[in-house]
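Heads up: the structure comes next, in structure tokens.
The values are calculated or read from the model by the stated rules, or taken from the named source; none is laboratory data. All values reported here derive from a predicted model rather than from experimental measurement. In case anyone asks, the SASA skips ligands and DNA or RNA and just uses the protein heavy atoms, side chains included. Shrake-Rupley method; radii C 1.70, N 1.55, O 1.52, S 1.80 Å.
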Amino acid sequence: FVDRFIADLRMANPQVEKTTRGKSQGPRWIPPPAGVMKVNVDAAVSKNAGRASAAAVARDANGLFLGASAVVMTGMTDPETIEVLACREGVALAQDLLLSRIRLASDCSNAVGNIRRGAKRGIYGAVIKEIKEMARGFQTIDFVHESRSSNIDAHVLAKSSLFDAIGRHVWFLDLPYGVCNNLFNVS
């Protein structure tokens, strides 16, 4: 637990940089194609407390904050299911923001793959069906897998929301604490 916590702190702190062959590399937010808005999603689980959170952070192509949301729930402990719920929350946030062209990025390749395939079976098949139905309301929507290092804001929001009140929390004007405080490096 302590090692993971320290690793998360290092990843969330943009001043801590890794050096590879003389190049400085910190966390990188990956911008979407021109004219497309980006929604990063992530999930967090506290198995000891029996709580989970699914978070989404939306930015425009220049990296400017558009909005964020987090859903805090109890009784869920399967990480992959909560990652799929985070994707659903990302789509809901995009709807709330009236976005029409989005790229939704998750660090869970299984969740992204199952959503792309439209998997209807399994423990979260009904959630994928709901995501697919919600996606019909967008001009374009694509689901992509990105590493956690490019998904810091959603990760920080998911972890920091774990012990907030149960339910959905949304930020449209004010930034959630620790999210989008700087743009990191945009690649």
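One table, with the values for the structure above:
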item	result
The stretch 111-158, residues that are of a type in the set (S, T, N, Q) and within 22 Å of Gly63 (Cα to Cα)	Gln139, Thr140, Ser147, Ser149, Ser150, Asn151
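This table checks each residue for (1) more than 19 Å from Gly50 (Cα to Cα); (2) open to solvent by less than 30 Å² (accessible area, probe 1.4 Å).
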| residue | (1), (2) |
| --- | --- |
| Glu89 | yes, yes |
| Leu104 | yes, yes |
| Gly137 | yes, no |
| Phe143 | yes, yes |
| Lys159 | no, no |
| Leu162 | no, yes |
